[in-house]
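Read the figures in this text as sums done on the coordinates, not as results from a lab. These numbers were taken from a predicted model, which means no experiment stands behind them. Because the Cβ atoms are built from the backbone with ideal geometry, glycine has one as well, and the counts that use them run over all protein chains shown.
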Amino acid sequence: MKINLKYLRESVKLAWRSSPSLTLANIISVFLRSFLPLLLIWLIKEVIDVITETARSSSGNIHDILWLLIILVIIWFFDEASADLGNYIRKKQSVKLEAYMYRLLHDKAVKLDLEYFEQPEYFDLLSRASRDAPWRPNSILNNLTGMLRSLMSLAIMGGLLVFLHWTIALLLLAVNIPAVWMRIHYADILYNVRREQTSEERKAAYFNWLLTGGRPSRELRLFGLGNYFISLFRKSFLKTKYEELQIIRRRTRIEMISGFVKAAAVFVTLIVVSGETIKGTLTLGQMAMFLLAFRQGMVAIRELLGSVSGLYEDTLFISDTFEFLALREKIIPVSPEADLEVFNESISAENISYSYPGNNVKAVDGITFKINKGEIIAVVGPNGAGKSTLAKLLTRLYDPDSGTFFMDGQDIKHFSPDEYRKLFSVVFQDFMLYNLSAGENIRLGSIESPDSEEKIIASASTAGIDDLIKDLPKGYATVIGNLFDDSRDLSWGEWQKIALARALFRDAPVLILDEPSSALDADTEYEIFSRFREIVRGRTSILISHRFSNVSLADRIIVLDRGKIVETGSHDELINKKGLYYKMYSKQTARFLNEKQI
Ligand code: ADP
């Protein structure tokens with residue numbers, strides 16, 4: 001066994017940083033709580049001795065007894081009060097520490113590279129860290145203070161017992177050793193089991209969401225999947241719990257045996273102390289004191305050993321939290337860091353290649369292009385051609401495996417990613433639905449800029465959603481979505497318009513629209529595309545689409561296929577070329593015309 005002192009130190013630092021005053025108050029309450037019970041035991045001994053003396057010789061002083069009793073009750077009250085106060089302080093500190101730990105976790109989670117989110121190991125680590133991070137540092141603190149308290153109690157109780165008989169002190173120590181060994185042994189086993197079970201636990205949580213979440217609820221009913229998912233959930237859930245239960249069962253069995261050994265030790269002590277009292281070596285008061293000291297010593301030793309093994313367990317489990325907090329972002333400014341000037345001329349890509357972690361096929365393969373300021377560029381290509389990946393690379397959500405992006409001739413890696421991303425406004429294909437008010441949904445596009453109602457309305461109006469929002473029960477203040485009371489859900493196409501309004505609300509010089517009309521009806525789609533130049537208002541725009549028929553309005557069209565650029569040019573140039581664009585365009589427009597005729 002080896003307690004990881006580094007994690008222990010780090011956890012104490014975290015506790016201290018989260019609230020120095022409460023940490024101090026906690027320590028003071030620990031001192032009081034270890035000292036007062038001892039004082040009580042000593043007073044009880046005094047009371048018994050004075051009373052026996054008074055009863056025997058009928059010559060004691062009633063006043064002395066009364067005073068002793070009053071002091072005893074006062075100390076008893078303070079002991080109780082300090083326990084209650086200590087509990088309150090600990091609770092308050094634990095709330096602060098928990099909030100502080102969540103802050104650290106969330107800060108890290110929002111900064112981490114997107115690539116981490118592609119990896120199951122990352123989710124396992126995140127789920128272990130978020131399970132333990134909020135409360136483990138607290139547990140470490142409690143175990144440390146518990147250790148301090150029990151050490152202090154033990155030192156005094158042990159002194160008393162050594163005074164009675166050193167073997168009794170030794171007995172006290174010996175009978176508790178098996179319990180500690182067992183807790184430490186099982187802490188290791190439990191940790192390993194839980195570590196291995198993380199994926200299974202996440203699976204159970206996922207099936208639980210499928211059964212109780214809003215989004216899956218429609219398909220679940222329609223396809224009658226309830227019982228199937230219930231059985232999958234039960235399988236994953238029971239698998240994780242069953243193994244844990246088996247370990248705890250084994251541990252409980254040994255705990256019961258060690259309890260029996262302790263009872264035997266109490267019996268031996270009782271015999272020794274009774275014998276000494278009968279012989280007259282001990283007074284009745286001393287006998288009571290020793291018995292209480294033995295009991296208190298048992299409690300202290302159990303607490304001490306519990307704290308030590310608890311600390312061991314804590315440092316094992318907190319290791320995931322520190323591992324998570326130590327994850328390094330790779331998307332950072334490369335030195336020498338460059339100041340980001342206003343976007344003036346062009347963005348270009350030079351020989352960009354990228355493949356996703358765990359995917360050998362290149363999603364983007366040797367791409368080179370240049371976009372001048374103010375141009376409208378369309379990127380088209382079949383599904384899986386690499387269009388969205390290109391948008392993510394350009395906005396530096398991922399770094400390419402090779403190749404360079406330039407902004408006004410400067411390698412974008414030298415800019416701060418946060419500053420650089422302020423240049424872009426993006427509607428992703430899988431844009432977010434925020435269960436917030438309609439106005440807030442739009443304002444989220446630029447949360448730092450002042451809350452301008454006019455600008456929100458203007459963006460909504462350009463995106464063609466203003467009329468609908470105005471008709472909602474509370475207009476722009478209506479909460480949209482289906483999670484909360486008094487909220488109104490929207491159709492997918494309406495959500496898409498809200499996402500477009502959000503992107504337009506952001507004053508970014510470059511606008512990227514990834515399949516912005518996929519959920520729109522033909523009329524709305526036509527309406528948006530015919531007003532496209534008015535909508536983008538002179539911004540450099542990148543329009544991503546798999547519909548070749550939508551993109552003819554662009555100044556230039558880049559045709560992607562299997563990660564490579566196969567053609568570029570204006571609509572007319574590409575039509576004349578009679579290549580992939582021509583083929584796909586003819587096919588899609590013919591189908592569209594057929595559909596219209598039907
Ligand atoms: P498009 O936007 O043109 O439809 P994408 O850029 O989304 O295509 O995807 C390009 C290729 O990368 C596809 O083959 C896709 O399967 C793969 N891909 C996309 N996202 C991931 C991911 N997160 N992990 C692994 N492969 C991915």
Residue farthest toward the positive end of the dipole of the chain, with Cβ of Lys/Arg at +1 and Asp/Glu at -1: which of ALA169, ALA499, MET407? ALA169
The range 354-432: radius of gyration and largest Cα-Cα distance (Dmax), Å: 13.0, 37
Expressed as a whole number of Å, what is the distance separating the alpha-carbon centroids of the range 463-532 and the range 47-94? 72
List the aspartates and glutamates whose Cα sits under 20 Å from the Cα of LYS577, skipping any in the same chain fewer than 8 residues away. ASP555, ASP561, GLU567
Where a ≥ b ≥ c are root eigenvalues of the Cα gyration tensor, a/c under 1.5 meaning rounded, otherwise prolate if a/b exceeds b/c and oblate otherwise, the range 8-63 counts as prolate
Relative contact order for the range 203-261, counting Cα pairs under 8 Å that sit 6 or more residues apart, in percent: 34
Measure out, as a whole number of angstrom, how far apart the alpha-carbon centroids of the range 319-394 and the range 241-272 sit. 60
Nearest-5 percent of antiparallel DSSP beta bridges in the chain? 50
Tally Lys and Arg at +1 and Asp and Glu at -1 over the other residues with C-beta under 15 Å from the C-beta of SER57: what net charge comes out? -2
Among TYR88, THR252, ILE528, the residue whose Cα sits farthest towards the positive end of the charge dipole of the chain, when +1 is placed on the Cβ of each Lys and Arg and -1 on the Cβ of each Asp and Glu, is THR252
Given a Förster distance of 60 Å, report the FRET efficiency between LYS470 and ASN61 from their Cβ-Cβ distance, rounded to the nearest 0.05. 0.10
Let's see if you can work this out: charge +1 on each Lys and Arg Cβ, -1 on each Asp and Glu Cβ, no other charges. What is the dipole magnitude of the range 478-533 about its Cα centre, in debye to the nearest 20? 300
For the range 289-423: rounded, prolate or oblate by the Cα gyration tensor [a/c cutoff 1.5]: prolate
Per the helix-only model, the chain has a calculated mean residue ellipticity at 222 nm (DSSP H runs of ≥4, -39500 (n - 2.57) each, divided over all residues, rounded to the nearest 500) of -21500 deg cm²/dmol
How high is the FRET efficiency between ASP188 and LYS6 when r is their beta carbon distance and R₀ equals 22 Å, given to the nearest 0.05? 0.75
Taking θ = phi - 60°, what integer Hz values does the Karplus form 6.51 cos²θ - 1.76 cosθ + 1.60 yield along the range 362-367, in sequence order, with x for Gly and Pro? 6, 6, 10, 9, x, 8
If you bin the C-alpha pair distances of the chain every 20 Å from 0, what whole percents do you get? 15, 35, 26, 16, 8, 1, 0
All other residues with a Cβ under 12 Å from the Cβ of THR283 taken together, and with Lys, Arg as +1 and Asp, Glu as -1, what is their net charge? -1
May I have the convex hull volume per residue, in Å³, for the Cα set of the range 490-598? 121
Ranked from highest to lowest mean number of other Cβ atoms within 10 Å per residue, what is the order of the peptides 27-33, 505-511? 505-511, 27-33
Would you kindly state how much longer the chain becomes between LYS235 and ASN372 on full extension, computed as 0.36 nm times their sequence separation minus their alpha carbon distance, in nm to one decimal? 43.7 nm
Once the other residues with Cβ under 14 Å from the Cβ of GLU243 are scored (Lys, Arg +1; Asp, Glu -1), what is the net sum? +4
Toy charge model, Lys and Arg Cβ at +1, Asp and Glu Cβ at -1: the range 467-598 dipole around Cα centroid in debye, rounded to 20, equals 560
Which lysines does LYS241 reach when only Cα atoms under 23 Å apart count, and residues fewer than 8 places away in its own chain are ignored? LYS203
Quick one: putting +1 on the C-beta of Lys and Arg, -1 on the C-beta of Asp and Glu, what dipole do you get for the chain around its Cα centre, in Debye to the nearest 20? 1780
Taking a straight Cα-to-Cα line shorter than 12 Å from LYS239, and setting aside same-chain aspartates and glutamates fewer than 8 residues away, one finds GLU196, GLU200, GLU201
